[in-house]
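Comments concern the structure below.
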Amino acid sequence: MSADVHQEVFIQEATELLQELEESLLELDDNREDMELVARVFRAMHTIKGSGAMFGFENIAALVHSIETSYDLVRNGKLGITKPMLDYSLKACDIIKEMLTDPAMKADSPLALEISAFFTETGGQAPAKKVHEPVSKEALLVRQNLTTFRITFKPSPEILLYGSNPELLVKEVAALGEASVSALTTHMPDLNSIEPEKCYTYWEIILTTDKSENDVRDVFIFVQDESEININIIDDFTGGGDNLKRIGEILLEKGDINNEDLTALMDERKLIGEVMVEKGLVSQDALDAALTEQQHVRQIREQKAAAENISSVRVPSEKLDFLVDLVGELVTVQARLSQIAVKENNQEMLKVAEEVERLVWELRDNTMSIRMLEIGSTFSKFKRLVRDLSAELGKEIELVTHGGETEIDKTVIEKLGDPLVHLIRNSIDHGIETPQERIAAGKEEKGHIILSANHSGDSVLIEISDDGKGIDKAAVLKKAKAKGLVSEGTELSDKDVFDLIFAPGFSTAEKVSSVSGRGVGMDVVRRNIEALRGTIDIASVQGKGTNITLKLPLTLAIIDGLLVVIDDQFFIIPLSIVNECIEFNEAAHRSSSGRRIIMVRNELIPYIHLRSFFNIQSEAPEIQQIVIIELDGRRVGFVVDSVVGDHQTVIKSLGKAFKDIECISGASVLGDGSVALIVDVQKIYTGIE
Amino acid sequence: MNIQLDKTENTGNAVMTLSGDMTVEHAAELCSALKEAAEQQLDVDVQVEEIESVDMTFFQLMCSAHRTFTANDRQFVLKQGKNSLLSKGAASGFIRHKGCSRDKFHTCTMVMEN
C-alpha cells in the first residue's frame, strides 16, 4: 500500500470517527455526568490525534492535543464538562473536517487558535497522569486472553482523610475492562456513631479484562498498605458455557457462608440466596454482590460468544455500486436467456434458465441488502443542526428521533440529506415559536421536533413533526391569491391549501432569514423527493404543530415491475402498487355519460387509457387489459393492450435529453434488447386527481 | 450545599430539601442536619434538587440515616431526584436490586424507583 492509500484510509476512518465524536458530544450536552460518553469522546480524540500524526496530519494532531488533555482530566474526575467546552469541541470537529480535505491547512486560523487557547487554559496546565485507555466492550470480547477477576477492596476508614479517593480507584479498575461494581455498606454505623468523613464502604468489582492481576494491583499501589485488597480469578473462559457457578458456591468461595450451613440449607429447596438472607447467614448486600457476579460472568460469556461470531469487512462504497450495476446487467442477460429458452422450446435450456433465474433473484436480494444502511446515521447529523440553529434564533428546541435502525438503500439516504435539512430548518425557523411565544400560548417553553422512520411495505415513511404554531391556512391562501396561484372564490381542501406551499417561489415568511424564508425551498424539496420516486405530504393544525411525511422507496436500483404492452411499446408499472389485472372490453363498459368508470366487484373504479395518455396513435385491440393500482388508499385503472407478466426491472435513467418528459420515471432494458419505459404512476395519478 | 428542613404542621412529618454539592466537603453539615431530624422523631422525606456533584460520603450518610430512622420505626424516604442521584452513584456501585435485611419499610435509599 502506498502512503496515499494509507492516508485515504485514515481520512475515511477519521470522518467516521468525527461523526461518532459529534454524536457523543451532543449526547454529553444532555448527560454531562455520563463517564462512558466522556470516555468515548476521549478515545475518539486520542485516535484522531495519534493516527493523524502518523499519516502526516500534524495540523490535526496539534489542534486535538489540548482538547484531548482536557477530556482526560474530565475522565479522571478533575474537571467538569461545561457548555463552552462542548461548543469549542464541536467547532474543533468542523475544523478537523476541513483539515481532512486540505492537509496543508494549518492549525493557525483565528478560530483554531481560540480553541487551542481555551483548552490549554482549561486543562493544559494539569499534570500528566498515566491513564489506562478504555477498551470498547466489542473489542474486548474478541480478545483471547480474557480473565474475570473478583476484586475485593476494603479501604482504610481514614482513606479520605489521607487525601485518596477510593471511588476514583474503583472507576480506574473498572476502566480496565468490562466491570460490575458493588459498593457494600454492610458495616454502616447509625447516625449517632458515624463520622461523616470516614469510609465505611468496601467494594467488590467483578472485572473481565485482558490485563494481568499485577495490572489490577498497580491501580491500588498508593493505598495497598492501608487497605485490604483481594484479587481472585473466578473465570478464565476455559471451562465451556455451562459450568457457571451457583450462588451458594460463590458465597462459599468468598467465605460469606460455611459448608455445613450451605449443605443444611440445600435440603430446604428454596432459592438458596433468599434462604440465606432469611436465616441471617448472609447479608442482602453479600447476596446482591454474588448475584451481580453470576450475572456478569453469564453475560460476558454470552456476549463473547456472540462477538466472536461477528466479523465484518470494510469495502469502499464504489465497489458496492459497481456490484449492483453488474447484478443489474446479469438480470437483463438472465431475462434474455429465459426468453431464448422459451422461444427455442428447449427443455434442457429451460431448466438451466429457471435455475439461473432463481440464483439471480437471490443474488439480487443479497446485493441489495448489503447496500442497506440504517437511517440513524443521517438522523444524528441533524442534532447538531438543531442545536446550532435554535441557539442562533434564541429558541429552545429538542430533537427527538425514533426508528434510527430503519434500513434504506444508501443511494436514497445520500439524496435524502438536503430535503431533510430544509424541512428541519423550516420547522426551527417557521414552526417552533420563541420561548416567550410558547409560554404565552400555554405551551412548554422548550419546543420539540420529532424525526422518525419506519418501514411500510416496500417503502420507508419518514416523518418530521413539530409542536410549533402550525401552518396558517388563511395566510397561505392570501399569498397564493396575491401570486395568482388561486383565483378569488375558489374553495380548497386543507390538502390543496398545503399543496400550495410546494409552488415555485412560494413563501409566507414575513422576512427572509439566513435559515429559511426565501421561498425557493419547498418546491425543490418536493422535486428532490419525487426524483427519488417518493411522495411528500403535509398535515398541520394551527397552534398545535405540523407533520410532514415523506414516503420513499427502499431502493432505486432494481424493482419488481409489471411488464405491459401498448401497440409495440413496452411499459413497466411498479408491481408493489398493482392490485389486479382484469380483461377489459371498451364497448361493453362504455357508459352513457361518457365517464371512464368500471364496476369491479361492486366498486366503481375510474380508469384512463395509457394509449391516449401517451398519445400512441394506433387502433386499440377489441379486448384489452386493465391494470388496477392502489395509491393513497384509492384505486384507479390503467388500460393497456396486454400484460406480459412480472419483470425484474433494472432502473436506468433516461438521460439529459429526456429529462423533461413527465410521467415516465426511467427505463429498463428487456431480454431482447428492447427498451421498456417505467410509468410514473404517482404523477399520472396526481394529474388526473 | 443547601439543606432545608420543613416540618409539616401537626403530622410529625418533615421534608428535607437538598441541593448543590453533596461531597465530602459538606458531609459534616449534612450529618448534623440528619441527626437533628432524627432527634425530633419525625418521618422525613428527602427531596434532592439540582445536584452539582455527589460522592460516597453522601451515599454513606443516606444509608446510615435510613438505618437509624428505620430502627426507631420512623420513615426515611429518598423521594424526588432519587433515580438521577443513583445513576450518578452507579459507577461506584452505590445502587441495589433490593434493600438490606433491616429495610423493613422497603425504602432503601439505594434501590431505584420504578
Anything in the range A:634-668 that is among the acidic types (Asp, Glu) and either assigned to a strand (DSSP E or B) or touching a residue at least 60 places away in the same chain (Cβ under 8 Å) (or both)? List them, or say none.
A:641, A:646
Filter result (assigned to a strand (DSSP E or B) and either modelled with pLDDT of 90 or more or charged (D, E, K, R) (or both)) within the range A:541-558
A:541, A:545, A:546, A:547, A:548, A:549, A:550, A:551
Could you tell me whether residue A:49 is of a type outside the set (Gly, Ala, Ser) and loosely packed, with under 15 Cβ neighbours inside 10 Å?
no
Is at least one residue of the range B:46-67 assigned to a loop (DSSP other than H, G, I, E, B), facing chain A (nearest Cβ under 8 Å) and modelled with pLDDT of 90 or more?
yes
Scan the range A:180-195 residue by residue and report those that are crowded, with 19+ Cβ neighbours inside 10 Å and either facing another protein chain (nearest Cβ under 7 Å) or in a loop (DSSP other than H, G, I, E, B) (or both).
A:181, A:182, A:183, A:185, A:188, A:191, A:194
Identify the single condition in (1) crowded, with 20+ Cβ neighbours inside 10 Å; (2) closer than 30 Å to residue A:375 by Cβ; (3) more than 14 Å from chain B (Cβ to nearest Cβ); (4) more than 23 Å from the chain's Cα centre (by Cα) that residue A:21 does not satisfy, given that it satisfies every other one.
(4)
Out of A:233, A:229, A:205, report the one residue that is assigned to a strand (DSSP E or B) and at the interface with chain B (Cβ under 9 Å from one of its Cβ atoms).
A:205
Does residue B:88 satisfy the condition of being at pLDDT below 85, within 10 Å of chain A (Cβ to nearest Cβ) and surrounded by 15 or more Cβ atoms within 10 Å (Cβ to Cβ)?
no
Whether any residue in the range A:344-360 is within 30 Å of residue A:406 (Cα to Cα), crowded, with 18+ Cβ neighbours inside 10 Å and not aliphatic (A, V, I, L, M) is what I want to check.
no
Tell me yes or no: at least one residue of the range A:49-61 is acidic (Asp, Glu), farther than 22 Å from residue A:109 by Cβ and assigned by TED's automatic domain parsing to the domain that holds residue A:99.
no
Name the residue that is farthest from the chain's Cα centre (by Cα), counting only residues in the range A:395-428 that are surrounded by fewer than 19 Cβ atoms within 10 Å (Cβ to Cβ) and closer than 24 Å to residue A:31 by Cβ.
A:396
What are the residues in the range A:272-301 that are away from chain B (no Cβ under 11 Å) and either without any contact (Cβ under 8 Å) to a residue 24 or more places away in the chain or at positive phi (or both), if any?
A:275, A:299
Which one of these is touching a Phe, Trp or Tyr at 6+ places or on another chain (Cβ under 7 Å), more than 13 Å from every other protein chain (Cβ to nearest Cβ) and not small (Gly, Ala, Ser): B:75, B:4, B:80?
B:75
Quick one: what pairs do we get from the range A:311-331, first residue surrounded by 10 or more Cβ atoms within 10 Å (Cβ to Cβ), second at pLDDT 80 or above and part of a loop (DSSP other than H, G, I, E, B), C-beta under 7 Å, 6+ apart or different chains?
A:320/A:371; A:324/A:371
Which helices (runs of 4 or more DSSP H) does the range A:363-470 wholly contain that include 1 or more residues that are in contact with a Leu (Cβ under 8 Å, 6 or more places away or on another chain) and closer than 30 Å to residue A:329 by Cα?
A:410-426
Answer yes or no as to whether residue A:315 is under 32 Å from the mean Cα position of the chain (by Cα) and in a loop (DSSP other than H, G, I, E, B).
yes
For residues in the range A:257-271 being in contact with a Leu (Cβ under 8 Å, 6 or more places away or on another chain) and either within 14 Å of chain B (Cβ to nearest Cβ) or not in a helix (DSSP H, G or I) (or both), which is surrounded by the fewest Cβ atoms within 10 Å (Cβ to Cβ)?
A:258
Helices (runs of 4 or more DSSP H) wholly inside the range A:1-116 that include at least 3 residues being touching a residue at least 60 places away in the same chain (Cβ under 8 Å)
A:3-30, A:35-54, A:83-101
Run down A:198, A:171, A:154 and say which single residue is touching a strand residue (DSSP E or B) at 6+ places or on another chain (Cβ under 6 Å) and within 14 Å of chain B (Cβ to nearest Cβ).
A:154
Which of the following residues is over 22 Å from residue A:290 (Cβ atoms) and more than 10 Å from chain B (Cβ to nearest Cβ): A:177, A:163?
A:163
Tally time: how many residues in the range B:23-39 are at the interface with chain A (Cβ under 7 Å from one of its Cβ atoms) and either in contact with a Cys (Cβ under 8 Å, 6 or more places away or on another chain) or more than 11 Å from residue B:65 (Cα to Cα) (or both)?
3
If I filter the range A:377-389 for residues that are within 30 Å of residue A:92 (Cα to Cα) and touching a Ser or Thr at 6+ places or on another chain (Cβ under 7 Å), do I get at least one hit?
yes
With A:421, A:412 as the choices, which residue is touching a Pro at 6+ places or on another chain (Cβ under 8 Å) and closer than 27 Å to residue A:526 by Cα?
A:412
Tell me which of these residue A:455 doesn't satisfy, since it passes every other one: (1) at pLDDT below 85; (2) within 26 Å of residue A:499 (Cα to Cα); (3) crowded, with 18+ Cβ neighbours inside 10 Å.
(3)
Specify which of the listed residues (A:160, A:146) is closer than 19 Å to residue B:92 by Cβ, of a type outside the set (Asp, Glu) and either at pLDDT 75 or above or outside the structural domain of residue A:295 (by TED's automatic domain parsing) (or both).
A:160
If the Cβ limit is 6 Å and pairs must be 6+ apart or interchain, which residue in the range A:204-220 that is under 12 Å from residue A:148 (Cβ atoms) pairs with which residue that is basic (Lys, Arg) and surrounded by fewer than 24 Cβ atoms within 10 Å (Cβ to Cβ)?
A:206/A:150; A:210/A:143
How many of the residues in the range A:27-40 are within 19 Å of the chain's Cα centre (by Cα) and crowded, with 19+ Cβ neighbours inside 10 Å?
3
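The values are calculated or read from the model by the stated rules, or taken from the named source; none is laboratory data. This one's a predicted model, so the numbers in the text were calculated from it and none came from an experiment. Note that we place each Cβ from the backbone using ideal geometry, even for glycine, and neighbour counts take in every protein chain shown.
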